[in-house]
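Structure, as C-alpha cells:
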Amino acid sequence: MEALQTKAKELLAAGTVQVAIGYGKGTGNARRPLFVTKPERAADLIVDAACTQNLATYLTKHEVRVMGRMAVVAVPSTLRSILQLAAEKQIREEQVLALAVIDGQVRELATFEAIEEAVATIPDAMSEADRNMIDKLSAMSVPERRAFWADELVRCVKCYACRASCPMCYCERCTTDVNRPQWIPVASHAVGNLEYHVMRAMHLAGRCVECGTCGKACPVGIPVHLLTIYAEDSVRRQFGQRGGASAKLDYAMSTFKPDDKEEFIR
Amino acid sequence: MAEPFEPKITAFVCNWCTYAGADLTGTSRIKYQPNVRVIRLPCTGRIDFMMVLKAFTRGSDGVIISGCHPNDCHYTSGNYHARRRWMVFRDLLEFVGIDLERIIFSWVSAAEGAKWADLVNEVTSKVRALGPYRELRQLAAVGID
Amino acid sequence: MARVGVFVCHCGENIAGTVDVAAVAKAALDMPGVVHAVDYKYMCSDPGQTLLKDAIKEKKLDGVVVAACSPRMHEPTFRRAAEEAGINPFLCEMANLREHCSWVHDKGAATTEKAIDLVRLQVEKVKRDRPLQPIRVPITKKALVLGGGIAGIQAALDIANSGNPVLLVEKSPSIGGHMSQLSETFPTLDCSQCILTPRMVEVARHPLITLYTYSELEKLDGFIGNFKATIRRKARKIDEKLCNGCGVCQQKCPVKKIPDEFNEGLSFRPAIYVPFPQAVPNKPVIDVKNCTYYKTGKCKACEKLCPTKAIRFDQEDIVEVHDVGAVVLATGFKTMPVGNFSEYGYGKLKDVIDGMKFERLASASGPTGGAIRRPSDGKEPQHVVFIACAGSRDRLKGVPYCSKVCCMYTAKHAMLYRHKVHGGQATVFYMDIRSAGKNYDEFVRRAIEEDGVKYVRGRVSRVYEEDGQLVVKGADTLLGAEPVEIRADMVVLATAVQAQNDAEELAQKLHVSYDPYKFFAEAHPKLRPVETNTAGVFLAGACQAPRDIPETVAQASGAAVKVAGLFSQPTLTREPIIAVVDRQPPPVFSSCVGCFLCKSACPYQAIEEEVIKNRNGDVLKVVAKVNPGLCQGCGTCVSTCRTKAIDLEGFSNEQVFAELMCI
Amino acid sequence: MRVGYYPGCSLTGTSREFDESVRSVARALEIDLAEVPEWNCCGSSPAHMIDTTMSIALPANVLLKAKRAGLAEVLTPCAACYSRLLMGKHEIETKPATRAQVERVLGCPPGSLDELPKVLNVIEFLAQIPETIAAKVTSKFEHTVACYYGCLLVRPPKVTRFDRTEDPVEMDKLVALVGGKTIDWSFKTECCGASFSISRTSVVGRLSSKIMQDATRRHAEAIVVSCPMCHSNLDLRRREINRRMEKPTLIPVLFITQVIGLALGLSEKRLGLKRHFVPVKLPAKTLPAQVVS
C-alpha cells in the first residue's frame, strides 16, 4: 500500500500524470473510487482485498480525461480493460499509465506492451465463485435454467447500473437508447429484461474482461455478470480468443475461420 | 374441438442463395407447408441476433436462419461472420434457458430448391409437434408490452 | 401519413389459381397506410404497368407494393414504372406471391392468409423506404476472359472488335480448347481446325487482346466495373521473346514417352513441347514434372541446342494484378472419367475408347493421320460399336442430365468411320436420338440411310473380350428387349459432359452460383442466360451447361455484347443498397463511437476512418465512414455495430423491425 | 465379437454346407453367431410375389426379434434373405405409411420399428475383419477361381449400397486376402436362372452354361459364390449346363466361406465340401492366374 502511495505521489509531483485513479475509503469497509490530483492526497489511496471494482470504466469518461494523463490503480481485469479499450481505439498509450497490483506487488506499467506482457502471465480471470455458479447452471436442464433466469431477471428495474459500471459499455448511445426502432422496450418487464441482458452479453462476447463489476453494481443483486462471463467463455472455448489480451484488435466476433465448427447447421 | 395448432415460422434468408433457392422451389413446383414467412435480407451477415430474439418475443413458434454454404457467399464472407455470431448466440440462448430446438440453421444454395421445401416441412412438422412457444409469451404477459 | 398502393397480380392463373387475389387486395385496404389496392391479370404487362403509374399519379401514392412474382424477376420492371410515374424507384417493393406462395402451396385459406401476410410485410417495409439515389462509379473498360477455347476466343474477339481491350487467360500452353482436338464438326463435316485456327491467329494478332496462356486466375476482388484480377503466369521456362518456335528443342529432348494430352494419350510427346503444331502461341513449355533436368539436375539438352538461347531453367511464376471492368467465364467442360463404368472395360480393354479419343483417331492431325486404327494393335477395325449415353441420363452411376452433344457426335463418328473404312460396320446403341437443331436430324438420317449406320435402341450391359474380340452385350428394346450380342473390334463410349474439376473453386473465387453439377448458374434461365448473379461476370459456352459449337459461339457473342454494353456507359450506376454511418448535429456528430470493430468485419475494406476536427484543427472525434464505391451492401457491419450507428439502405433496422412486428 | 445370425430356410435345407461353413469359419475366427430367436421366413419368393404388406412384415418381424434380442447387426448368408431383410428395412425407413401398416400387422407399438439392426451379407461381414482373417490363414488358398456374385447381393443398388453394381469386387478381394487368384471376367452378375432352378431347368441350363463357359475359358479352377440359388443352379444343374457346353466341365462351385475355411485349415467335413453334386477336387498346386484380357 505504501509503495502505491509513494509511486502515485512521485508521479503526480513530477507531473508525469495529472490524476491518479484509485480506491479510497467508503462507507464501512467498502471501497470507493478516488481521484487524486494533488501529490499530498496520495496517502488516501488504499489497496486491499476489498478493492475489486474495475476502475478502467473511468478512463473513457470525458470528465476524467480532461484532467490530463491518468494513472490507474489496476487489478488484473483492469489491465485487460486497458488493452481492450486500446484495441478499440478508445484510449491512446500516452493517455494512461497503469499502477498494476498483482499478487500484492505494485508495478508501474507505462506502455501497452508492458501491460500485454503482464496480462499474458495472468491466468483465467473468472473467480472461483463465478465458475462454480456457471457450472451449477450448466448442469441444469434448459427449463430449470429458464426458471432461474426468469426469477432473477423479473427483479431488474433497468437502472442500467450494470452498464454504467462496465468499462466496455462506453458507447455514447447504447442500443437500449435507440428508439427507431425500439429494440429494447423502455419499461421494465420480463421479456424486455431478458432481451436487454442477452443483448448486453452478446455485445460483450469477445470483449468482456470478466471483472464481474456489473454483477456487483446491481442494486437488486441479479448475477448479470454471469451472462457476460459465460458469453466471453463461450468465445474462448470456441475460438481460442479472449477480450483484453492485446492492444491490437483481436475481436473474435468480427473475424472468422473457414473451418469454424458448424455441426448445428444442416 | 379446438383448431389444430398451426405454428408460425419466421425465416431469415439471404437474397442470393436461400431466397433464390426458395424461388427455385417455386419454379420447380415443389409443395411445402404454408406456415413460413420469409424476411429477405441481403446476406446472413445482416442477420442481427436481436432480430431472432424479436421474432421469438413477437410470437414466432420457430425460426429458420438460412444462407449460402461456406465459400459460396455472394459477399465473400458474410456467412462466416454470421456463423460465428450464431455459435455464441446459440450457446448463450441455451444458457438463459431458450430451447434451441425451435431455431434451425441451414445452408440452402440457389440450386437447392428441394432442400428448402424439405427444410420448411421438417421445421414446421417439428414445431407443430413441439406445440406453441408459450414460454416467452408467458414472460411477455408478465410485463406490460 | 403514408399513402401506399397495393397491386395484386393474378399472373394469369399462376397466382390467381391458388390464391384468392381479390381477398388479398381487400385485406390490403385494411392495412394502415394503404389507400389503394387492386388486383389485375398481368401486372407486368403494359396495361398493368400503366395501371400502376396512373394510380401513383391519381392517388398521390408515396409507396407501392406489387404483389406478384419474385423480386428477382420483376423488381427492376416495377421500379422503373414507379420512377416513370414520378416517385423514387426505391419506394417500390414486391411481395413474392408466386414463387414463395401460389406455386408451392395448395389452394386454400392458409395460402391466401400467407399471401396477405406477405403483402403486409412489404407494406410495413415500404412505409419505411427512403428515396435513394443511384450511385455512380467509374468503369475500367477492359475485360477479362477466362478460358481460351472457342467460347473465350469468340468473346475476346467480339469485345476487342467493339474497341475495348481484353485480357484473355488460358490455363494450358495454347488456346484452342477442345475444339482444336476435334476432327470434323457436325452437321457440315467441315474440319474443326480449319475453321478454328484462323480465329486463334486473329486473337494473337489483335492489338486490343493481351493473351496470357499457361496462366490462371488466382483471385478476383472488387465489383462490377472495378474488379482486380490476380493472375498467375506459370513459368514456361523459356524466354518467349527469344524463342522463334523452331522446334529443335522438342526433337532433341531425350524424354520421349510422355502420353500426349492433346492426342488423349494415343501418342507421346517430349518433356519440352508445343501441344500441337497449330498452337497459339507457337512456343514450347517445359513439363517440369517429367523433365530430366528437374528430376536429376542433369541434361539441359534443349538449352545447349537452342539456337536463340531461349531456355530459362530458373524462370519463376509471375503474379500480376490487373484492373478489369467485366469478366467472361468461358472455362468449358471435361468429359466424364469412365472409371465408374468398369463393366464397359474402359481402361482395361485397350480398344474401348471414349469420344475424344475417336476424334483424335479421325483427325487428319491426329496420331494416325486420320486413319481409323484401333489402339491395341493398330489394325483397322471392321466393326465398331458406339455407345451413346455412357454416363448421361444415368442417375445411378453417371449424371441425370442429357449431355446434348453426344447424339450428334456419335452420328458423326459413325459416319466418319463408314467414310474411312468402307467395308466396316458401325452399330450405335442409343436411348433416344436427340437431334434438335438446324440440319441436325437430317444429319442423323443421313448417317442411318446413306451411310448405313445401324442404330439399335437399347443399352449395353457389358463389354468384354473373348478370342481377341470385344463382345458387346445389350438389348434391342424395339425387338421386345431381345438380348443382343455383337462382336466388335472397337467400342466408342459417348461419355457425359461434365463441369471442369476446378469449377466449384473458380465459382467461389468469383462468387457466382453453380448448380448441383457444378455448372455455373445463369442469372435467369430464360431472360438472363449469359449473366450471373454477380454483376459484371458473364458466361459463355459449356461452363454453364453442355453446349455444341454453334450455341457456344452464339452465347459468347451474347456475353461480349453484354460487356460492350456495360463499357459503352461513361460511368456505372449501382443500386444504392449500401451501409451508411449516421450523422448527428454537433457535439455528437455521430452515434458511432469509433471502435472500428466493423472495419475488421467488412469483406470489402469499405469502412474508412473519418476524422472530425474543429476550426483550429483539433481532433474532436474519429468515426467510421462507408466508402460508397466499395460497399456492396451485405450488412455484416450493421449487425456488428453495438450502437446501431450503421444502417443499411433498403434493409434498414427500422424496416426489418417493422416486418417483424407484424409476425 | 458377437453378431446376430439369420440362416433362413435354404441354409437349413438345400444349402446346409453354406450354414456349416459359415458357422465353422465364425468359430475359427472367434466370432459368436447369435441366432435370431424364433426367426421366421424372410418373405422370399412366396410372400413378395403375392402380398406386399406380408413381404415387408415378415422381414420386419425378423429384424424386430433381432433388435429385441439386443443385436445391432444381423449376418444373413443367403442372398435372397439378405435382399428381403434389406428391402423390408428400406421400405420401413422410407415410407411412414408402410411402417404404420406393418406395425399394425405385427401388433407392435409405434416406434418399435425404429433403428432396426443393420443387415450384412457374408462378404460384407468378412470384409470388415481382414486382419483377423489374414492372421488365421494356415494354408494359402493357391487357386485361380472365378468370383460369381449373381444378382441379389448388389441389386437394387439404392437399397443394398454394397459394392459396385455392375462390376463388384469385394469377393475377389477376400479370395486374394487368403492367397487366391481371381479371373477378370464379365459374367460376375449375369443371370444364372435364379428361381427357375426347379420349374424350368432348361432356362437355368441355358443361362448358367454361358457363365460356366466363360469361367472355364479363362481357366478358372472353381467358381466361388455367396448365394444358395447361384450355387444350386451352377452345381445341381450341371448336367443341363454341360449339355450346352462346348466341352463339359466338372469344375466345382464353392461358397466363399468354404474358400476361407480351407485357407484357415478347416476340414472338408466341417466345411460341408462333401455335400456338393460336382465333387470338390482342386488341383494340388495351381498355375499363376491366366488373366485373359
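The values are calculated or read from the model by the stated rules, or taken from the named source; none is laboratory data. Remember, it's a predicted structure, so these values are computed and weren't measured experimentally. Note that each Cβ is placed from the backbone with ideal geometry, even for glycine, and that neighbours are counted across all protein chains shown. These area figures cover heavy atoms from the full protein model, side chains too; ligands, DNA and RNA do not enter into them. Shrake-Rupley method; radii C 1.70, N 1.55, O 1.52, S 1.80 Å.
Filter region A:90-110 down to the residues that are within 14 Å of chain C (Cβ to nearest Cβ) and open to solvent by less than 80 Å² (accessible area, probe 1.4 Å), then identify the one that is farthest from A:Met1 (Cα to Cα).
Going through the qualifying residues, I end up with A:Gln90.
Among the residues of region C:223-269, how many are among the β-branched types (Val, Ile, Thr) and closer than 30 Å to C:Cys631 by Cα?
3
Can you tell me which residue among C:Ser435, C:Ser461 is within 14 Å of chain D (Cβ to nearest Cβ) and among the polar types (S, T, N, Q)? Steps first, answer last, please.
Working: C:Ser435 fails: within 14 Å of chain D (Cβ to nearest Cβ).
The conditions single out C:Ser461.
Among C:Ser568, C:Ser591, which is within 14 Å of chain A (Cβ to nearest Cβ) and of a type in the set (Ser, Thr, Tyr)?
Details: C:Ser568 fails: within 14 Å of chain A (Cβ to nearest Cβ).
Every option except C:Ser591 fails the conditions.
When the residues of region C:63-121 are filtered to those that are more than 31 Å from the chain's Cα centre (by Cα), more than 10 Å from chain B (Cβ to nearest Cβ) and among the charged types (D, E, K, R), which remaining residue is surrounded by the fewest Cβ atoms within 10 Å (Cβ to Cβ)?
C:Lys107
Against the condition in contact with a helix residue (DSSP H, G or I) (Cβ under 6 Å, 6 or more places away or on another chain) and more than 27 Å from B:Met50 (Cα to Cα), how does C:Ser557 come out, does it pass?
Numbers: in contact with a helix residue (DSSP H, G or I) (Cβ under 6 Å, 6 or more places away or on another chain): yes; more than 27 Å from B:Met50 (Cα to Cα): yes.
Taking the combined requirement at face value, the residue satisfies it.
Every residue in region B:36-55 that is modelled with pLDDT of 95 or more, open to solvent by 10 Å² or more (accessible area, probe 1.4 Å) and not charged (D, E, K, R), please.
If the condition is that a residue be modelled with pLDDT of 95 or more, open to solvent by 10 Å² or more (accessible area, probe 1.4 Å) and not charged (D, E, K, R), then B:Val38 is the only one that fits.
For D:Lys158, only one of the following conditions fails: (1) under 30 Å from D:Asp235 (Cβ atoms); (2) in the same structural domain as D:Leu264 (by TED's automatic domain parsing). What is its number?
(1)
Please return the ranges of helices (runs of 4 or more DSSP H) entirely within region D:66-149 where 1 or more residues are touching a strand residue (DSSP E or B) at 6+ places or on another chain (Cβ under 7 Å) and under 30 Å from D:Asp214 (Cα atoms).
Output list reads D:79-94, D:122-127.
Do we find that C:Ala579 is open to solvent by less than 10 Å² (accessible area, probe 1.4 Å), closer than 30 Å to A:Cys169 by Cα, touching a helix residue (DSSP H, G or I) at 6+ places or on another chain (Cβ under 6 Å) and within 14 Å of chain A (Cβ to nearest Cβ) in this structure?
no
I'd like the full set of residues that are among the polar types (S, T, N, Q) and closer than 19 Å to B:Ala111 by Cβ, limited to region B:41-75.
Residues satisfying the conditions are B:Thr44, B:Ser66, B:Asn71.
Just give me the residues in region C:471-502 being crowded, with 23+ Cβ neighbours inside 10 Å and within 14 Å of chain B (Cβ to nearest Cβ), in sequence order.
Listed by number, the list holds a single entry, C:Ala499.
Condition first: away from every other protein chain (no Cβ under 11 Å) and part of a loop (DSSP other than H, G, I, E, B). Now tell me which residues in region C:607-655 satisfy that.
Once the filter is applied, which keeps residues that are away from every other protein chain (no Cβ under 11 Å) and part of a loop (DSSP other than H, G, I, E, B), region C:607-655 yields C:Asn614, C:Arg615, C:Asn616, C:Gly617, C:Asp618, C:Asn627, C:Pro628, C:Gly629, C:Leu630.
I'd like to verify a number: residues in region C:248-275 that are open to solvent by less than 30 Å² (accessible area, probe 1.4 Å), under 29 Å from the mean Cα position of the chain (by Cα) and under 24 Å from C:Lys350 (Cα atoms), how many?
Of the residues in that region, 4 qualify.
Going through C:Val553, C:Val537 one at a time, which residue ends up being open to solvent by 30 Å² or more (accessible area, probe 1.4 Å), within 18 Å of C:Ala156 (Cβ to Cβ) and away from chain A (no Cβ under 14 Å)? If you could, list the steps in order and put the result at the bottom.
Working: C:Val537 fails: open to solvent by 30 Å² or more (accessible area, probe 1.4 Å).
Result: C:Val553 is the single residue among C:Val553, C:Val537 that is open to solvent by 30 Å² or more (accessible area, probe 1.4 Å), within 18 Å of C:Ala156 (Cβ to Cβ) and away from chain A (no Cβ under 14 Å).
In region C:30-43, is there at least one residue being in a helix (DSSP H, G or I) and not assigned by TED's automatic domain parsing to the domain that holds C:Gln655?
no
Within the bounds of region C:337-344, is there any residue that is buried (at least 20 other Cβ atoms within 10 Å of the Cβ), modelled with pLDDT under 95 and of a type in the set (Phe, Trp, Tyr)?
yes
Of these, B:Leu93, B:Leu41, which one is within 11 Å of chain A (Cβ to nearest Cβ) and without any contact (Cβ under 8 Å) to a residue 40 or more places away in the chain?
Selected residue: B:Leu93, the only one of B:Leu93, B:Leu41 that is within 11 Å of chain A (Cβ to nearest Cβ) and without any contact (Cβ under 8 Å) to a residue 40 or more places away in the chain.
Please enumerate the residues belonging to region D:48-83 that are polar (S, T, N, Q) and open to solvent by less than 60 Å² (accessible area, probe 1.4 Å).
Listed by number, the residues that qualify are D:Thr53, D:Ser55, D:Asn61, D:Thr76, D:Ser83.
So B:Arg58 passes all but one of these: (1) facing chain C (nearest Cβ under 8 Å); (2) of a type outside the set (Asp, Glu); (3) crowded, with 24+ Cβ neighbours inside 10 Å. Which condition number does it fail?
Going through (1) facing chain C (nearest Cβ under 8 Å); (2) of a type outside the set (Asp, Glu); (3) crowded, with 24+ Cβ neighbours inside 10 Å one by one, B:Arg58 breaks only (3).
Please determine, by comparing only the residues of region A:246-266 that are open to solvent by less than 40 Å² (accessible area, probe 1.4 Å) and out of contact with any strand residue (DSSP E or B) (no Cβ under 8 Å at 6 or more places or on another chain), which one is nearest to the other protein chains (Cβ to nearest Cβ).
A:Ser254
Which of the residues spanning region C:161-190 are farther than 14 Å from C:Gly148 by Cα, touching a strand residue (DSSP E or B) at 6+ places or on another chain (Cβ under 8 Å) and open to solvent by less than 40 Å² (accessible area, probe 1.4 Å)?
Answer for region C:161-190, where residues must be farther than 14 Å from C:Gly148 by Cα, touching a strand residue (DSSP E or B) at 6+ places or on another chain (Cβ under 8 Å) and open to solvent by less than 40 Å² (accessible area, probe 1.4 Å): C:Asn164, C:Ser183, C:Thr185.
Would you pick out the residues in region A:224-238 that are open to solvent by 10 Å² or more (accessible area, probe 1.4 Å) and more than 7 Å from every other protein chain (Cβ to nearest Cβ)?
Matches in region A:224-238: A:His225, A:Asp233, A:Arg236, A:Arg237.
Please go through (1) touching a residue at least 24 places away in the same chain (Cβ under 8 Å); (2) closer than 29 Å to D:Lys274 by Cα for D:Glu73 and return the number of the only condition it doesn't satisfy.
Result: D:Glu73 passes all but (2).
With respect to the numbered conditions (1) open to solvent by 20 Å² or more (accessible area, probe 1.4 Å); (2) over 24 Å from B:Thr57 (Cα atoms), which one is the sole condition not fulfilled by C:Cys634?
Condition not satisfied by C:Cys634: (1).
Looking only at region A:137-181, count how many residues are open to solvent by 20 Å² or more (accessible area, probe 1.4 Å), within 16 Å of A:Leu204 (Cα to Cα) and more than 8 Å from every other protein chain (Cβ to nearest Cβ).
5
Limited to region D:1-47, what total is found for residues that are open to solvent by 80 Å² or more (accessible area, probe 1.4 Å), free of Cβ contacts under 8 Å to residues at least 24 places away in the same chain and more than 26 Å from D:Ile198 (Cβ to Cβ)?
1
Picking from C:Thr296, C:Thr335, C:Thr331, which residue would you name as being of a type in the set (Val, Ile, Thr) and over 38 Å from the mean Cα position of the chain (by Cα)?
Exactly one residue qualifies, and that residue is C:Thr296.
Select, from A:Gly215, A:Gly243, A:Gly221, the only residue that is assigned to a loop (DSSP other than H, G, I, E, B), more than 8 Å from chain B (Cβ to nearest Cβ), within 13 Å of the chain's Cα centre (by Cα) and not aromatic (Phe, Trp, Tyr).
A:Gly243
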